[in-house]
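Peer 1: Can you read through this structure? Questions will come right after.
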Amino acid sequence: MTMPTYIGMPSFPDAARRAVADPRLRANLAHATTTIRGRRADAVAELDDWPALREAGKQIKDHVLENLGHYLRVLEEKVTAAGGTVHWARDAAEANRVVADLVKATGETEVVKVKSMATQEIGLNEFLAGEGITAFETDLAELIVQLGDDRPSHILVPAIHRNRSDIRDIFLRAMDDAPEGLTDSPAALAEAARRHLRAKFLSAKVAVSGVNFAVADTGTLVVLESEGNGRMCLTLPETLISVVGVEKIVPSWRDLEVFLQLLPRSSTAERMNPYTSTWTGVHPGDGPRDFHLVLLDNGRTATLADEVGRQALRCIRCSACLNVCPVYQRAGGHAYGSPYPGPIGAILSPQIRGIGSDVDASLPYASSLCGACFDACPVAIDIPEVLVHLRARAVEKGPRHPLERAAMAAAGWTLRSPTRLALAQRGASASRRVARRGRIRRLPGPLSAWTETRDAPVPPPESFRAWWARTDGGRKETGR
Amino acid sequence: MSAREEILRRIERVTPTRPAAEVAASYDRIDRAYRRRHHDGNVLDLFAERVADYRATVLRVTPSGVPGTLAERLAARPGSYGVPSDLPPEWVAEAGAPLVRDPSVTALDGLAGAVTGCAAAIAETGTIILDHGTAQGPRALSLVPDYHLIVVRAEQIVPDVPDALARLDPLRPLTFVSGPSATSDIELSRVEGVHGPRTLEVLVVA
């Protein structure tokens, strides 16, 4: 098992069609993404050396990927020397097993969690539940998702598809200590979450986190957050377990000078996020007594093997590409069938999971290739390039439609003969009869597969070749 | 085969490990054309302005003004305050509020606030960094109470992110604080105040 696709997940076009038909979802998404887009543009414009920072971020990450074995060994050595314990996990199942066993060894049946993409990816909460361990999400958006028995739809703000009144309704329904008369003001909602989780933080013995960066040369782990729930989880419990994808490494402490500028401005459009915590192993008298680092492969080394696709491993999970994507803005995150939605999800999920399911084979097509994601990416991942590359792989691997094969064979036959081409073009012009208002909206029979997802433009009444022959290249054109 | 061996072998097949000296040489070739700092001029003014942008309260005082201002700020909210036992005693010399030195973690939730120093600060981003050494206490002290007052001395403020990281010891636990606790999780708009201190006050001493 690598990353589970959500049970019964339909392909992207099917899921997206449902989302696009939901006006409330579209309004919530449009409001949130439009707000953040403008603010992010301002935060980035403030630094006139942004392109240089972006280039440095790209090169540092590429350097790590080229020397991943070296840096993983260095990180392991430094974390161990600082009093931490390093575990390795080939896939999701193995990582889940390692974490569950570590929790059981403490004798506890509850863990508090800091928002973590890696643990979403491996389905840790569900696995722990099956082992009799309850995981409490402490990030506000994750809490909203958990209480609403919902799925995350955005990397940074998993509950972006919910507006304030949705959130109030979820709290009143599912939060046992929600204050009576709770309003939908964001401050009141944040206060309710604060009260709800305070006792949990103060009594928790085990925490599970991901990390944003793992510094190889010092063995330092870094978590960026806003609310303080991260600090609570990283500081108060006795045992801390961090699940970290192998690509999260930066070589040296000084490299954070690049990423601490790139990440906050790209993700929340702030000069700096409210809280960043760093720790190196265990610190006697301050924080957890036991620290476990679980290094996760789960399809990353397979992604590394693809020379075009591996750039997806540079991703620092800022979610800027989601916020600028016209497809994401309309379809929302759920349609991507993965904890990684949006443009980065469309290239990450099929690579981590392999192009096996309908949803993974359809994800490389979940884009208009407009390139806004590439422009926004703080580590210059050329997402359109990878999408096109993965489309080729999906076509090679997946079953091709018999009609597509027949159409390609027919096109080859037609194009090999000028006479046959002229006849075909006359036939195409005749198709104007099925057009309405300049578009062909439905083609008959098996051809409807094409027009289900797009309109076809109406062919001109006369082909260029026919016009050229009739007017001798325009010389006999009348009325000019 | 162990998971460790297998993962390292998978990597080895794609990108064979090079000698450490070659890795270091390749690392040195990374293009770092970015700025070491974005602003010239008065870092104090920039710092005060940028911290205030996060809706933290910034008060500029002279060294002799610290005890009076601090006493005034603490008097504004009733209750006792946690302080590290190695906090410079003159800072709280005039404080009327009850002080708890090195409070236990279980006592923290009952406090009105905490008072600490810091290790460094960044003007460009309005960030204050605690390394939880002298005058700062363990991480929980400045986290659990709802109010945090930080005393920042002028010489601790550096212009930009690279200077700050160079000053810090990564082997210590570090907390970077940029304004009060906040969230953008409701409709992607920033709201102050979730789990960390909802009120942050900063005394800039120069």
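The values are calculated or read from the model by the stated rules, or taken from the named source; none is laboratory data. Just so it is clear, the model here is predicted, and its values are computed rather than measured. Cβ sites come from the backbone with ideal geometry, for glycine too, and all protein chains shown count toward neighbours. Just so you know, the surface numbers come from the protein's heavy atoms only, side chains and all, with ligands and any DNA or RNA stripped out. Shrake-Rupley method; radii C 1.70, N 1.55, O 1.52, S 1.80 Å.
Peer 1: Determine, yes or no, whether A:ALA95 is within 19 Å of B:ARG4 (Cα to Cα) and either modelled with pLDDT of 95 or more or away from chain B (no Cβ under 13 Å) (or both).
Peer 2: Working: within 19 Å of B:ARG4 (Cα to Cα): yes; either modelled with pLDDT of 95 or more or away from chain B (no Cβ under 13 Å) (or both): yes.
Criteria met by A:ALA95.
Peer 1: Right, here's the next one. What number of residues within the range A:214-237 are within 22 Å of the chain's Cα centre (by Cα) and without any contact (Cβ under 8 Å) to a residue 60 or more places away in the chain?
Peer 2: 3
Peer 1: Is there a residue in the range A:333-347 that is in contact (Cβ under 8 Å) with a residue 12 or more places away in the chain, more than 29 Å from B:VAL23 (Cα to Cα), surrounded by fewer than 24 Cβ atoms within 10 Å (Cβ to Cβ) and over 18 Å from the mean Cα position of the chain (by Cα)?
Peer 2: Taking every residue of the range A:333-347 in turn, none turns out to be in contact (Cβ under 8 Å) with a residue 12 or more places away in the chain, more than 29 Å from B:VAL23 (Cα to Cα), surrounded by fewer than 24 Cβ atoms within 10 Å (Cβ to Cβ) and over 18 Å from the mean Cα position of the chain (by Cα).
Peer 1: Would the range A:422-430 turn up any residue that is over 30 Å from A:SER153 (Cα atoms) and open to solvent by 70 Å² or more (accessible area, probe 1.4 Å)?
Peer 2: Within the range A:422-430 (the criterion being over 30 Å from A:SER153 (Cα atoms) and open to solvent by 70 Å² or more (accessible area, probe 1.4 Å)), the answer is yes, since at least one residue qualifies.
Peer 1: Right, next: For the subset of the range A:277-299 comprising residues that are more than 7 Å from every other protein chain (Cβ to nearest Cβ) and open to solvent by less than 10 Å² (accessible area, probe 1.4 Å), which member is farthest from A:ALA118 (Cα to Cα)?
Peer 2: Taking the candidates together, the pick is A:GLY281.
Peer 1: Checking the structure you have, find out if any residue of the range A:48-71 is closer than 30 Å to A:CYS325 by Cβ, more than 11 Å from chain B (Cβ to nearest Cβ) and outside any helix (DSSP H, G or I).
Peer 2: no
Peer 1: Picking from A:ARG317, A:ARG271, A:ARG231, which residue would you name as being within 27 Å of B:ASP160 (Cβ to Cβ), buried (at least 24 other Cβ atoms within 10 Å of the Cβ) and charged (D, E, K, R)?
Peer 2: Within the list A:ARG317, A:ARG271, A:ARG231, the selection yields A:ARG231.
Peer 1: Would you confirm, using the coordinates I've provided, whether B:THR17 is more than 9 Å from chain A (Cβ to nearest Cβ) and either surrounded by 13 or more Cβ atoms within 10 Å (Cβ to Cβ) or within 25 Å of A:LEU293 (Cα to Cα) (or both)?
Peer 2: no
Peer 1: Residues of the range A:8-47 being open to solvent by 20 Å² or more (accessible area, probe 1.4 Å), assigned to a loop (DSSP other than H, G, I, E, B) and modelled with pLDDT of 85 or more, which ones?
Peer 2: A:SER11, A:ALA21, A:ASP22, A:GLU46
Peer 1: Taking the residues in the range A:173-187 that are at the interface with chain B (Cβ under 10 Å from one of its Cβ atoms) and of a type outside the set (Ser, Thr, Tyr) as candidates, determine which candidate is surrounded by the most Cβ atoms within 10 Å (Cβ to Cβ).
Peer 2: Result: A:PRO186.
Peer 1: Same structure again: Tell me, which strands (runs of 3 or more DSSP E) lie completely within the range B:120-206 with 2 or more residues that are within 7 Å of chain A (Cβ to nearest Cβ) and open to solvent by less than 10 Å² (accessible area, probe 1.4 Å)?
Peer 2: Of the strands (runs of 3 or more DSSP E) lying wholly inside the range B:120-206, those with at least 2 residues that are within 7 Å of chain A (Cβ to nearest Cβ) and open to solvent by less than 10 Å² (accessible area, probe 1.4 Å) span B:174-177.
Peer 1: Are there any helices (runs of 4 or more DSSP H) wholly within the range A:100-204 with 3 or more residues that are free of Cβ contacts under 8 Å to residues at least 40 places away in the same chain, and if so which?
Peer 2: The qualifying helices (runs of 4 or more DSSP H) are A:124-130, A:140-147, A:164-174, A:186-203.
Peer 1: Those residues that are part of a helix (DSSP H, G or I) and surrounded by 21 or more Cβ atoms within 10 Å (Cβ to Cβ), I need them from the range A:77-96; list them, please.
Peer 2: Those that are part of a helix (DSSP H, G or I) and surrounded by 21 or more Cβ atoms within 10 Å (Cβ to Cβ): A:LYS78, A:VAL79, A:ALA92, A:ALA95, A:ASN96.
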